Amino acid sequence: IAFFLVFTIFAISFLGAFEITLPSSWSNKMDEKADKGGLLGVFFMAFTLALVSFSCTGPVIGSLIIEAAVEGGVKGPLMGMLGFGVALALPFTLFAIFPSGLKQLPKSGGWLNSVKVVLGLLELALALKFLSNADIVVQSEYITREIFIAAWVVIFTVMGFYLLGKIRLPHDSAIENLSVTRLLLGILTLTFVVYMIPGLFGAPLKLLSGILPPSFYTEGKWNGPFKGSKIESSSKISGKAYDCPNEIDCYHDYDEALKVAKETGKPLMIDFTGWTCTNCRLMEQNVWSDNSIDNLIRNEYILVSLYADDRTKLPESERFISKRNGQEVTTYGGKVRDFQISRFGKLAQPLYVLIDHEENKLVPVKGFDLNRDSYQKFLEVGLMKFKKQASKLGDKTNENEK
């Protein structure tokens, strides 16, 4: 929620409501030190540039830092910082080599404000993603999949009409002639809007997998014994729940799922996932949706989805002191994390584990992998080994009976 507020403030600033600036005294002091020359002077000259341009660079760099802090990823923010750094440094380098090119520079004006407005709308769309994450984790059921898509449809529709010159903000200059660039960007944005609209009625929208709330976090599911996606409801009918990826029957209680696996003679597939896990949604919508993989999970395995970030409180009788760190485990997500680390030595999501009825791994665990062939092989090899074990066990049983 804090990050949502930060992004929203940045977005409103970019839209022109106010400007975020640092105290001018900071810039003046840095500028004085830049006059000293040498490497130190170059450093302070660059630092002065960063301070002066903070109102423009702050929201962009801040967004990348927040993404790194929340999502835990390195590649995205690293590429963003690299691209931003190169884009900022390249013009100065080129103009130092070709000083006459300074005369060809476009003057700041309406076009620059248009860039800021578009960035502001993008920041607003991103802010909604963080608010959605908070909503899913606490299970407040306010920002469902439909609400999220509807908000994005509105934001990008406004962006499209803005690019086409149909909407003007206070700091915008009048557009006499629409440039080809703005026309193409407007068309692209409105095309994206049209693509999102079917999502309001249940379309998967695979291009946005990992960004949208899970397919089961929708208004159409808020009925029956599983109203909402609360973990505590999953034990009402033999541990089964409807809040499962791709509407595959799954369990949320490990012991219950293992019991069912033994009764049905199927191996158990553990899906360590999270409500806000972007890579988990990518796997579910781009890999699990494959017909062959879906058939294997749906018909050959008993699936248990364990949410590592769920904050549902455990009953007093189920709380315990972790042997791993000596801390009390009071939430469902804490129990899942403790189980995952203690049993498998990993805390990454997604993590997929195939085990037999003796709780032994059939194959090495599988993490994030968008290669469908590789994932299908992972499931097929696990199933084959399980059947071989079952066949050997059956032979031994027959020999003992004889």
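The values are calculated or read from the model by the stated rules, or taken from the named source; none is laboratory data. Here the structure is a predicted model, which is why all the values come from computation and not from measurement. Because the Cβ atoms are built from the backbone with ideal geometry, glycine has one as well, and the counts that use them run over all protein chains shown. Just the protein is used for accessible areas: all its heavy atoms, side chains included, with ligands, DNA and RNA removed. Shrake-Rupley method; radii C 1.70, N 1.55, O 1.52, S 1.80 Å.
Pairs, please: C-beta under 6 Å, at least 6 apart or cross-chain, first residue over 17 Å from Arg168 (Cα atoms) and in the range 8-24, second at pLDDT 65 or above and small (Gly, Ala, Ser)?
Thr8/Ala127; Ile20/Ser13
Scan the range 137-193 for residues that are within 23 Å of Ile211 (Cβ to Cβ) and hydroxyl-bearing (Ser, Thr, Tyr) and jot them down.
Hits for the range 137-193 are Ser140, Tyr142, Thr144, Thr157, Tyr162, Thr189, Thr191.
Of all residues being buried (at least 19 other Cβ atoms within 10 Å of the Cβ) and aromatic (Phe, Trp, Tyr) in the range 300-355, which is nearest to the chain's Cα centre (by Cα)? Just the residue, please.
The residue in question is Tyr307.
Over 18 Å from Leu268 (Cβ atoms) and at pLDDT 90 or above: does that describe Asn291? Spell out how you get there, then give the answer.
Details: over 18 Å from Leu268 (Cβ atoms): yes; at pLDDT 90 or above: yes.
So Asn291 fits the description; yes.
Mind telling me which of the residues Gly101, Gly80, Gly85 ends up being under 30 Å from Val194 (Cβ atoms), at pLDDT below 85 and open to solvent by less than 60 Å² (accessible area, probe 1.4 Å)?
Matching residue, one of Gly101, Gly80, Gly85: Gly80.
For the range 177-186, check the following and say yes or no: at least one residue is out of contact with any Phe, Trp or Tyr (no Cβ under 7 Å at 6 or more places or on another chain), under 19 Å from Ile12 (Cα atoms) and of a type outside the set (Val, Ile, Thr).
For the range 177-186, residues out of contact with any Phe, Trp or Tyr (no Cβ under 7 Å at 6 or more places or on another chain), under 19 Å from Ile12 (Cα atoms) and of a type outside the set (Val, Ile, Thr): absent.
Could you please tell me which pairs satisfy a Cβ distance under 9 Å, a separation of 6+ or placement on different chains, a first residue in the range 307-327 that is assigned to a strand (DSSP E or B), and a second residue that is surrounded by 10 or more Cβ atoms within 10 Å (Cβ to Cβ) and of a type in the set (Phe, Trp, Tyr)?
What qualifies is Tyr307/Phe272; Tyr307/Trp275; Tyr307/Tyr332; Lys313/Tyr332.
Is one or more of the residues making up the range 202-223 of a type outside the set (Asp, Glu), in a helix (DSSP H, G or I), without any contact (Cβ under 8 Å) to a residue 60 or more places away in the chain and more than 18 Å from Glu284 (Cβ to Cβ)? Reasoning before the result, please.
At the first step, the residues of the range 202-223 found to be of a type outside the set (Asp, Glu) are 202-218, 220-223.
Now restrict to residues that are in a helix (DSSP H, G or I): 206-208, 220-221.
Okay, now just the ones that are also without any contact (Cβ under 8 Å) to a residue 60 or more places away in the chain, so 207-208, 220-221.
Still in the running and more than 18 Å from Glu284 (Cβ to Cβ): none.
No, that holds for no residue.
Quickly run through the range 152-188 and pick out the residues that are more than 33 Å from the chain's Cα centre (by Cα) and in a loop (DSSP other than H, G, I, E, B).
Residues satisfying the conditions are Pro170, His171, Asp172, Ser173, Ala174, Ile175, Glu176, Asn177, Leu178, Ser179.
Residues of the range 148-195 being among the acidic types (Asp, Glu) and in contact with a Ser or Thr (Cβ under 8 Å, 6 or more places away or on another chain), which ones?
Asp172
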